[in-house]
Amino acid sequence: MIKLQNLCKSYRGDEIETIALNQIDISMDEGEFVAIMGPSGCGKSTLLNILGMLDQPTSGQYYFKGQDISGYNERQLGQLRKENIGFIFQNFNLIDELSVRENIELALQYHDIPSKQRRARVAEVMDRVGIAHRADHRPGQLSGGQQQRVAVARAVVAKPSLILADEPTGNLDSSHGQEVMKMLQSLNREGTGIIMVTHSSAHADYARRCINLFDGQVLAENLRAVS
Amino acid sequence: MILSYITIALRNLIKHKLFALINIVGLTLGLLIFMFSVLLAAYEENHDHMFDKRERIYTLASKFAPTSGEAIGLYPDSSTAYGPLIRNRLPELEAVARAVHRIKQVTIDNESYYLGTRFVDNDFTRIFNFEYIHGDEQALDRPEGLILTRSLAQQLFGSTEVMGKTVKVEQSIELQVSAVIEDIAADSHLNSDMRPKYALGLIAPYHALTQIDKFTLEGEMGNNSAAIYVLLPEHRDQAWLQREADAMFDAHTPEDGREYTEALRVRPLILSNTMVWDAMGFPVMIAAQVLGLMVLIIAALNYTNLAAAQSFGRVREVGLRKALGASKAQLLQQFLIESLTIASFAMLLALAAIEWLVPLYNTGTGKAVALDYSQVLPYAISITLLVGLGAGAYPAYQISRHQPIESLRGGANKAGGSQWFRNILIAAQFSLSIFMLAMVMVVYFQNAKMQELSASFNKSDTLVLGRMDVEAIVPKQEALKQQLLNKDGIAAASYSNAVPFQSGGYRRIAAARAGDEAGRFDVSFVSVDFNYLSNYRQELIAGRAFDKQRSQDIFDDSRSTINVIVNERMLQKLGIASAEAAIGQNFHKIFEEKYPKEREYHIIGVVADSYFFGVHQPIPPTGFMVRPEDYRFLSLHLMPNKRQQGVLNTEQTWDALIPNYPIQSKFLTYYFRLFYRIAEGINAVISGFAGIALMLSLIGLFGLAAFMAQRRTREIGIRKVLGASLGQVIGLLVWQISKPVLWSVLIAVPLSYLAAGMYIDFYPESIRSILPFVAIAVIIAIVMAWSIVAIHAWRVARQRPVYSLRYE
């Protein structure tokens, strides 16, 4: 499903060029659960942003479902992203002015789905993540765990084939973190591919495969026993 | 510490150049307008400060009756008879003096000039304490005395040592210089009239006027010719004088005089210079100050908005400072010092601009406004403090109130006050923009309309020679005309007692039938020569032109029937259906005490209506007659391509034929402009303020749009991650600003409709409908708002989502 070849990302500062990613070669099959680990500043988030088409590589190839998308413009990327990828962020990135229900529905708003069907899907997914009783609350009125559940609901409501999670448990206590991981796991079992950046080795254990990054390079790739 | 705050403030300015520019330009404009309006008001209110007794000096103004047909309600002068009447009625008054201003021919050693002269009662010098170089306040106690100002003495004699020198007035009487006074500053009512030759130069005894004009010492009723000054005793006040003036008016004013002037108004001298505005019902000084203050408040609000928007970028800095131990008070202090730095910077720029503006204004208006720093500086400093602290308070409070961890985490989306507050700001900005735009357009098109209406007279190719009624010139009138007609560049010439826009001629009361008091109406008569109407291209629509061969066409005082050509308006008044039907009809003069003669007017021709008496009043019923003894003006129609030649030939011919009298020539444009100086003043004030306020509200809108787009950077990022396209994001933001914009349309439309209606009510002939202009203003404002917001949204939304998400 995903194949990165010789992918580099560098930032040009005033005087020095910082290399964030250096010749990355990764591939991932459909429905896989991959964890990306590594110390701060190793390029995890940059990699995830590029995988999610939020950012573009400086050089190298990115094949998504067989197409080389490194030359795609913003509009084409947006289309691809909308149809295939859901996001979960460490800081949830919910819109404060919208209610829980509206935040989730937002992910469907930009798809061509009739509003009746939209509402049904939002209700279904809220039930599933157990946030239905808070449907009309604002994100600011929820706990961190509840907010992340909303974020998960928003990520899955459009039924993407791939979910990108950037330290989804980073702002949560362990029991809430566990909860979110369970959700991701069950999604994965239903066939959704997941790429997750995490610091926690315990949470990385939920993944089938773990990629270790160091200084912008892949240090090791190892398979995990799925618990 | 403070120094470091200022350094940070300056660095921030440099970092956000666009915002800094907007902030400073906006604030500078606001301060400039406010300071300038205060300066002008102070100047006008401190008028006549050179006269020690100015607090006790009052003038008697005339209040016109509604039946007078005058466009203004109040006139600064009143009839000459009221001076002696009030003097005799109230012996306790310290002094009363009339001053009649006339432009007279003054001859010194065979050199003649036309000079503005004030003919005054001898107590004039006891009311106004002049500074005497020679002589004293008894200068005019002798009937042949004369006072000159220093500059006039220099101009006429080349010296101020001119006591006892002889000055001949109107070639008929001789006066001797009995005093020379220092010039009076420009900020005296004696010098503030915008008309030429009104500045104080010559002061002659009232007695002299009785010898050269039809004036008597005891004065006349109904001439409104004199400024009447009254010096009140210490223990009396304006209300008392008003009561006494009312009683005197009732006791002495003849019944038919009251149809024109219905009362006298006692006014303090210090208000005399704003009288013109008051008379038009336009409180210009208050308006200027209120508008100035409004502009300043808008500018300060703009600053507040922009500063609040900008502070989002600094939430992290604040969090860090707090984490490092800064107290809330210290942070408040830092942000207030920043806004003070900007305000001071803006004030410096504003003062520099005023330095540049004041001489420009003085040249334009003939005033002498001065920027006196000893007075302005304390004021400027307190305004700077007020604006800096006032405008900076809200953003400073907003940003410093957060918990440090919140700020560090990025509470950007929580800062910035309520949506409600911002919507009100947007709506207010918008109402103002629409209002100002509509007003500017209405003023502009109304003026264009006036220009168009006045275009029936060729203003720039018509040269008008004045003072043709001087006794020594009258015998040479015909010779002058014939000689000029033979000269190159002059196409036509004709005499009259009035020229377009100069509001000359005279008025009589007439009716369709003799003695019909109920059907009476005012008629304006103009005395012309045979070619006048055709030379001015006023084409006949019926009947015939005046004919030299027919003796009845020339006015003869001994005959009771006069042949006249009338305008269409006259036909309406007479109830005659068509121009053809009017030919051969008569109408009648109604008896007036002053003009007792019976007259019958016989219509021989009809001309189309035109704005002969100016565009400021409805076209009156008008009659033209040939009456050579009235001629005061010679209108010369120059060939457009030989104007220079025509003017030169005119001057040469005049000098050869009438060497004793200087030529008095003006283009018709001059009379038109003279007439419009008041309207032009109002227009300049309205357009000036409107233009600046509009600019400010656009600046404000720009800031608000930036605020909106920036505040929602992260949200835009999220929406894009979820699949929103560029167009969808822009559409969302544009829609959001549309709500307050729609509110503002609801406020601005009726408001501008009302204000524009009031404005065009000043004019009898106005642009037909205001609504299209208001509609266009609404459309322009909305389109501008949308495009500003759309541009900002586009700038933020086209970035890769990762940058927007990172933005806090």
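Readers should treat all values here as calculations from the given coordinates under stated rules, not as data from a laboratory. The structure presented is a predicted model; accordingly, all values stated were derived computationally and were not measured. Every residue, glycine among them, receives a Cβ derived from its backbone with ideal geometry; neighbour counts consider all protein chains shown.
Descriptive notes on the structure:
- Efficiency of FRET between residue B:329 and residue A:30 - r from beta-carbon atoms, R0 51 angstrom, step 0.05: 0.30
- Principal axis analysis of the Cα atoms in the protein assembly as shown yields extents of 132, 68, 55 Å, listed in decreasing size.
- For the range B:546-627, fraction of C-alpha pairs farther apart than 21 Å, in %: 34 percent
- Net lengthening on full extension, residue B:578/residue B:651 (0.36 nm per residue, minus Cα-Cα): 21.8 nm
- Projected label distance in nm at residue B:371 and residue A:75, using a 7 Å step from Cα toward the beta-carbon: 5.4 nm
- Computed from phi, the 3J(HN,Hα) profile of the range B:214-220 under the Karplus parametrisation 6.51, -1.76, 1.60 (θ = phi - 60°) reads 7, 10, 10, 4, 6, x, 10 Hz, with x in place of Gly and Pro.
- Projecting the Cα atoms of A:165, B:336, B:371 onto the charge dipole of the protein assembly as shown (Cβ charges, centred on the Cα centre) puts A:165 farthest toward the positive pole.
- Each residue, residue B:541 and residue B:775, gets one label point 7 Å from its Cα in the Cβ direction; the gap between the two is 3.1 nm.
- Between the amide H of residue B:567 and those of B:607, B:622, distances stay under 5 Å, these residues lying 5 or more places away or on another chain, with hydrogens modeled in the peptide plane.
- Restricting the trypsin sites (Lys or Arg not before Pro) of the range A:57-109 to loop positions (DSSP other than H, G, I, E, B) with no more than 14 neighbouring Cβ atoms within 10 Å leaves A:65.
- Of B:117, B:216, the sequence from fewest to most neighbouring Cβ atoms within 10 angstrom is B:216, B:117.
- The range A:162-222: trypsin sites (Lys or Arg not before Pro) falling in loop per DSSP and having at most 10 other Cβ within 10 Å: none
- Computed [θ] at 222 nm, helices only, for chain B once each DSSP H run of length n ≥ 4 contributes -39500 (n - 2.57): -16500 deg cm²/dmol
- Principal axis box of the range B:191-243, alpha-carbon based, largest edge first, Å: 38, 28, 20
- The orientation-averaged shadow of the Cα convex hull for the range A:125-227, equal to a quarter of the hull surface, comes to 7.3 nm².
- Amide proton proximity set for residue A:196, modelled H, under 5 Å, gap of 5+: A:34, A:35, A:36, A:165
- Residues B:128, B:501, arranged from fewest to most other Cβ atoms within 10 angstrom of their Cβ, appear as B:501, B:128.
- Dipole magnitude for the protein assembly as shown: computed about the Cα centre from +1 point charges on Lys and Arg Cβ and -1 point charges on Asp and Glu Cβ, it is near 4720 debye.
- Semi-axes of the equivalent ellipsoid for the range B:1-81, Cα gyration tensor, largest first, Å: 53, 20, 6
- Paramagnetic reach from residue B:168 (point 7 Å along Cα→Cβ, amide N under 12 Å) across the range B:632-668: B:660-661
- Rh (Kirkwood; distinct C-alpha pairs) - the range B:419-490, Å: 17.8 Å
- Distances between placed amide hydrogens fall under 5 Å for residue A:214 paired with A:219, all partners being 5 or more residues away or on another chain.
- Pairs spanning more than 27 Å between alpha-carbon atoms, out of A:3/A:82; B:597/B:666; B:197/B:642: B:597/B:666; B:197/B:642.
- Fewest-first sequence of B:792, B:49, B:16, B:134 by Cβ atoms within 10 Å of each Cβ: B:49, B:16, B:134, B:792
- Average 1/r across all pairs of distinct alpha carbons in chain A, invert it, and you get the Kirkwood radius: 18.1 Å.
- A viscosity of 1.002 mPa s and a temperature of 20 °C, combined with the Kirkwood radius over Cα pairs in Stokes-Einstein, give a translational diffusion coefficient for chain B of 68 µm²/s.
- D (Stokes-Einstein, µm²/s), Kirkwood Cα radius, the range B:1-153, 1.567 mPa s at 4 °C: 60 µm²/s
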